[in-house]
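Heads up, the thing below is written out as structure tokens.
The values are calculated or read from the model by the stated rules, or taken from the named source; none is laboratory data. On a predicted model such as this, the values are computed, not experimentally measured, just so you know. Because the Cβ atoms are built from the backbone with ideal geometry, glycine has one as well, and the counts that use them run over all protein chains shown. Calculation scope for accessible area: heavy atoms of the full protein, side chains included, ligands and nucleic acids excluded. Shrake-Rupley method; radii C 1.70, N 1.55, O 1.52, S 1.80 Å.
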Amino acid sequence: MSKITTELLLERAIPRSTRLRKIETLNLSKLQLKTGDLDPRLFSRLRHLQKLDLSDNLLDKFPNSLTLPDLRVLNCNNNKLEDVTALKQFPLLEELTYENNVYLTLNDDYKVMFLLQNLRLLNGKDITKLAKHVRHVNSRKLTSKVTAHWEKFFRDQLPEKYTAEQVKSIKKKFLKSVQTNVVYGPSSLSEFTRWRVKMIAEEFLACSLGLELNSDTEPEEKTDEDEEESTESPKEAAEEVDQVVHICDPLVTVTPSKRKRNRSKSSPGNKRSKTQANTKEEAAEDVSAEPLHFLQCHSKGNSREDFKTQLWSCVFEPVLDSGARKDPIVNSSRTVATCGGESVCLIDCETGTVLKKYKVATEEFFSVAWTTLTMVTSDSHKKTHNILAAAGRRGIVKLIHVAADFCYGEIKAHKKPIATVCFSPTRETHLFTASYDKRIVLWDIGIPDCDYNFKASQLLVLETTSIPLRIALLPTCPEQYLLAGCEGGCFAWNIKLDKGQKSRTFEAIFQFPDGKSMTTSHTVDGLAFLNDDVVVSKCSKPGCIYLWSWSRSFDAKGKGCQQTLSAVILAELEWSTTDMSYLTLSTCPAKEYVFCGDEKGSVWMYNLSNYTTAWDSAKGKRSERRISPTQILKWPELRVNGEQPSEILVNNVVADPAFTYLVVLTSVNITAIWKKS
């Protein structure tokens, strides 16, 4: 039996080498090597090894710490391997062969396809498409089945408060049951399925049981799993007017002080118990919205101490089977995408579950947007999928195929940070990106093929005089006009693609009241359409939210180049007196609501349904008085580790089109989800 030494490694290098760290190709075949001969201390010096041939030896497994960080090609033919899971230590591996290892089966092939994300060739065959299916489709199906099994058979077995021993017992029972009863795919892959089911179940339990442990219970044993893609919502407390809410991922419990539910200023409402919450009597309550969940799912490095990461943008996912984008209420789910810090999260608003999480360690995400693309599958069938675009400080747009759980591409859109992105509602591949480089660019992101190949192209560049912060497309003709709120004012562009000009300056800048005069010089950090004509814009000066008419303001513009236009003000909303910037607003057109957060964690809500009819009149006059909020949702007295978070800014607040849920993004890394009663 040959013993591996430094001299042997240098001699077997191709070409021969004088230094271990310089070896890139190494042939250790036909040396009668056993697993014990692979000395991790010696192999750790092969830092640049890319190709390794271990064929025709006597290896039954791999040591877990060979430390070959650059290994790309590995040949293990004609050995006695019994297990392949240790190969996950070679994450860059692209080509792997292990033929004529009699103990390895098809199940092992599937294991390495799942474990090695860069693997292209397995035993000489291209496995790219199959591996994507195994990693994404297969994993998604199994995760769904595991979750359903827990919810149906085990969730109710846990008492409201439980001990570590009870947790240990339920874990053991659940793992045994789920591996026995969750079945998917052909019987020839049953071993692989059980392996994946156990892995998914352990990850699920580490998160869900950890989150639901009350603060006075025995702590769970720490896990090395870095929970990236799913967290389980906490249970609501049983006390009548208390609510124990949890910050999830990492595992931190946040408990509000005893308090009543937030209610309308004008109506005190009545207390109600948990058992009443889902009854028809709820409709008779004078309660506008109630808090469901408070989540901490954007922590840097998954740190439970991170209450500094700013959360910036959220948008609800469209429903695929709603029959095109005609009815915004039907066309919205309860799943919302949120971004902030290094991550983008998908959250189920009803349960508080973090369904998926995407992280880019060097990024700070500022904006997300959805589109629905019709793609052609490998068997030539057409299928619609939701695509999520995410962008931020690096100026790069990430394109995420959510169903496949796969970031399939990126567009290097700008050299400076991207403040906001939005898709055209009529052309699903058209994406606008607004950047700190003082440009708004229209891209065609293309449609990826079955191998996720795509081609993006730049269609139009809109030049601004200051940084664009918010953009909005005119609802009645989104292919013709774009409105932008910038640090230097509010601007409009003609974006029709048949004009020929690839680079354009603005057509109009709008001026707004400033005391007794009008000015164009103000920061517009909030911008949205309430309906086809009414624009809601927010200036950074104290208490300034205007509602104004697009048609009456823009119709004053004659033919020609840039013009300064006075915004025809319809009303002004009473809001906070803060002069803090970047606390943006949003609208719910179907319900005629406007939302805006403030510097104290509160959400100001305005129901404007009683005003819009008058504004639609050509002779509609400006409301003389400021319109007061219909309700202000106060931030609850949350306590983290016994302390209340300091200054809480509401950076963004968004409702789904049906106004069932309200998602509040803060400056302290907390996503609050409210539900309308």
(request) Looking only at region 15-25, decide whether some residue is closer than 30 Å to Tyr184 by Cβ, without any contact (Cβ under 8 Å) to a residue 40 or more places away in the chain and in the same structural domain as Ser188 (by the TED database). (result) no
(message) For a quick check of your reading: which strands (runs of 3 or more DSSP E) sit entirely within region 382-462 and have at least 3 residues that are open to solvent by 40 Å² or more (accessible area, probe 1.4 Å)?
(response) 382-392, 406-412
(message) Testing Asp525 on (1) touching a Leu at 6+ places or on another chain (Cβ under 9 Å); (2) among the acidic types (Asp, Glu); (3) open to solvent by 30 Å² or more (accessible area, probe 1.4 Å), one condition comes back false. Which one is that?
(response) (3)
(request) Could you tell me whether Ser188 is under 30 Å from Glu99 (Cβ atoms), in contact (Cβ under 8 Å) with a residue 40 or more places away in the chain and loosely packed, with under 13 Cβ neighbours inside 10 Å? (result) yes
(message) Every residue in region 361-381 that is on the phi < 0 side of the Ramachandran plot and not in a strand (DSSP E or B), please.
(response) Ala361, Thr362, Glu363, Glu364, Thr377, Ser378, Asp379, His381
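Residues are listed down the side, and each one gets a yes or a no for (1) buried (at least 20 other Cβ atoms within 10 Å of the Cβ); (2) at pLDDT below 90; (3) more than 21 Å from Val421 (Cα to Cα):
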| position | (1), (2), (3) |
| --- | --- |
| Lys280 | no, yes, yes |
| Lys300 | no, yes, yes |
| Lys326 | no, yes, yes |
| Ala361 | no, yes, no |
| Ser367 | yes, no, no |
(message) I'm trying to understand the selection: among the residues of region 580-615, which are polar (S, T, N, Q) and within 25 Å of the chain's Cα centre (by Cα)?
(response) Ser581, Thr584, Ser586, Thr587, Ser602
(request) Return a yes/no flag: does region 98-109 have any residue that is over 30 Å from Leu189 (Cα atoms) and in the same structural domain as Phe192 (by the TED database). (result) no
(message) Among the residues of region 488-496, are any touching a helix residue (DSSP H, G or I) at 6+ places or on another chain (Cβ under 8 Å) and either not in a loop (DSSP other than H, G, I, E, B) or not assigned by the TED database to the domain that holds Val536 (or both)?
(response) yes
